[in-house]
Amino acid sequence: MNGKSRKIRVALPVIEAVLLAAAVLLPLVLDDFWILFTTRVFILGLIALSFDLVWGYAGIMSFGQALFFGMAGYSTALIATKLDVTSVFIIVPAAALVGLIVSFLMAVLVILGKRQPSMVFIALGTLTGSYVVERLARGWSYVGGQNGIPSLPRLTAGSFEITEGPIFYYMALGVLLVVYVSLRLLTRSQFGLVLAGIRQQENRITFFGYNTQNYKGIAFCLAGAIAGLAGGLYGFHEGYIGPGQLGPVLSTQVVLYTLFGGAGTLIGSILGVGLIDLFSYHLSHVWDMGWPILLGLLLLIVVMFRPTGLIGFIVSDRERMGVFGRPGKKTSSGKDSSEVKTSHEPA
């Protein structure tokens, strides 16, 4: 293995360490607006991570991440406004639980049937579910109809109010970090190896005796719980939850975040959120009417000419998929034999 390969291999941890250090220090130099902006990026980064888990690792094209996000947001908003419960120790777990339950119900419908579902079936099924629930929310006065649920109270930890700003920033960063590390360990485990196999050659993994539908169902539900967690935080950070957080528009936006940043890397999806939101903000000041066209063209160029996303310029395909199993013996060419056996080239 030459020196160039070694440099490529450590690119991902270096990027992660640099971004983490920057995220910890940013509140020292940012004003209030950019702290709120970055906090929102962290929260949307959670839902982007949830999509990266199902698409980047398990090959499930889900357009339902907004459904889990919005349902959790609405549920925790109702808990806070109707039951007067604002404790972060209740709201955050409740949001993740709602996302888990809703995603499980959706998985029963589109993944865990008698027949192995196609990618198109899952995509259309989740898209339809997201659209139906959005329309239901728009017409249901109990949840505010078109107006949603505004003026949410602040989260509390005992008698302490968690206000928007540096406190919420570090709380969102902490949640994002815990989820990110958990997903990194999960995707590098035996479970992650099976998911990678399903994405590359699902029929072959089935031939080996794995129940791929169960694995996909578990990944789908975990992603739903993460999206729900994001939805709970989002509502209390923005002080509002509405039908727009349930529907296909947000689900499509999440897909773009991940494809733009780079699927199958985790960090790429977070970068995608930050860069797209940053481009959107600045382009809207340059051309207030036509900025979506410019942003759309930029996204189209990246997706067409760099399918691995922006992170693909720095991280190799092999590093994106990871190394699994025990270290092997050195081959005559100097390569690790396990690396040769476990190398997965993404589609």
Most positive-pole-ward Cα, Ser103, Leu136, Val54, against dipole of the chain from beta carbon charges: Val54
Kindly report the accessible area of the chain per residue (heavy atoms of protein chains, probe 1.4 Å, no ligands, DNA or RNA), in Å². 48
Most fluctuating residue of Leu26, Leu222, Leu112 in a GNM of the chain with Cα springs under 10 Å: which is it? Leu26
Projected-area average for the stretch 152-302 over all orientations - Cα convex hull basis, square nanometres: 11.7
Please check: in the Gaussian network model of the chain (C-alpha springs, under 10 Å), which one of Tyr169, Tyr215, Tyr142 has the largest mean-square fluctuation. Tyr142
Mean ellipticity per residue at 222 nm, deg cm²/dmol - from DSSP H runs of n ≥ 4 across the chain, formula -39500 (n - 2.57): -22000 deg cm²/dmol
Rank Gln245, Asn214, Leu233 by how far each Cα sits towards the positive end of the charge dipole of the chain (+1 on Lys, Arg Cβ; -1 on Asp, Glu Cβ) and give me just the farthest. Asn214
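Determine the shape class of the stretch 112-195: with a ≥ b ≥ c the square roots of the Cα gyration tensor eigenvalues, call it rounded for a/c under 1.5, and otherwise prolate if a/b is greater than b/c, oblate otherwise.
Oblate, since a/c reaches 1.5 and b/c is not below a/b.
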Counting pairs of alpha carbon atoms under 8 Å apart in space and at least six apart in sequence, what relative contact order in percent does the chain give? 29
Any number yet on Rg/Rh for the chain, C-alpha, Kirkwood? 0.98
Heavy atoms only, probe 1.4 Å: what % of the accessible area of the chain goes to carbon and sulfur, would you let me know? 68
Which is the longest stretch in the chain that no exposed loop site breaks, taking sites as trypsin sites (Lys or Arg not before Pro) with a DSSP loop state and at most 11 other Cβ atoms within 10 Å? 116-328
Burial-style ranking of 13-19, 63-69, average other-beta-carbon count within 10 Å with highest first, yields 63-69, 13-19
Are there any helices in the chain, counted as whole DSSP H runs, that stretch 30 Å or more along their axis by Cα and score at least 1.0 on average by Kyte-Doolittle, and if so which? 88-110, 166-187
I need the P(r) histogram for the stretch 12-74: all alpha carbon pairs, bin width 5 Å from 0 out to the longest distance, whole percents. 4, 14, 17, 20, 16, 15, 11, 3
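What chymotrypsin sites (Phe, Trp or Tyr not before Pro) in the stretch 267-311 are in a loop by DSSP, with at most 13 other Cβ atoms within 10 Å of the Cβ?
Working: sites: Phe279, Tyr281, Trp287, Phe305; in loops: Trp287.
Answer by residue number: Trp287.
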Hey, what does the equivalent ellipsoid look like for the stretch 1-159, semi-axes from the Cα gyration tensor as sqrt of 5 times each eigenvalue, largest first, whole Å? 32, 28, 13
Top mean-square fluctuation among Ser87, Ser103, Ser182, Gaussian network model of the chain, C-alpha springs under 10 Å? Ser182
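The values are calculated or read from the model by the stated rules, or taken from the named source; none is laboratory data. No experiment lies behind these values; they were computed from the predicted model shown. Counting neighbours? That spans all protein chains shown, and the Cβs are built from the backbone with ideal geometry, glycine included. Surface areas here come from the heavy atoms of the whole protein model, side chains and all, with no ligands, DNA or RNA. Shrake-Rupley method; radii C 1.70, N 1.55, O 1.52, S 1.80 Å.
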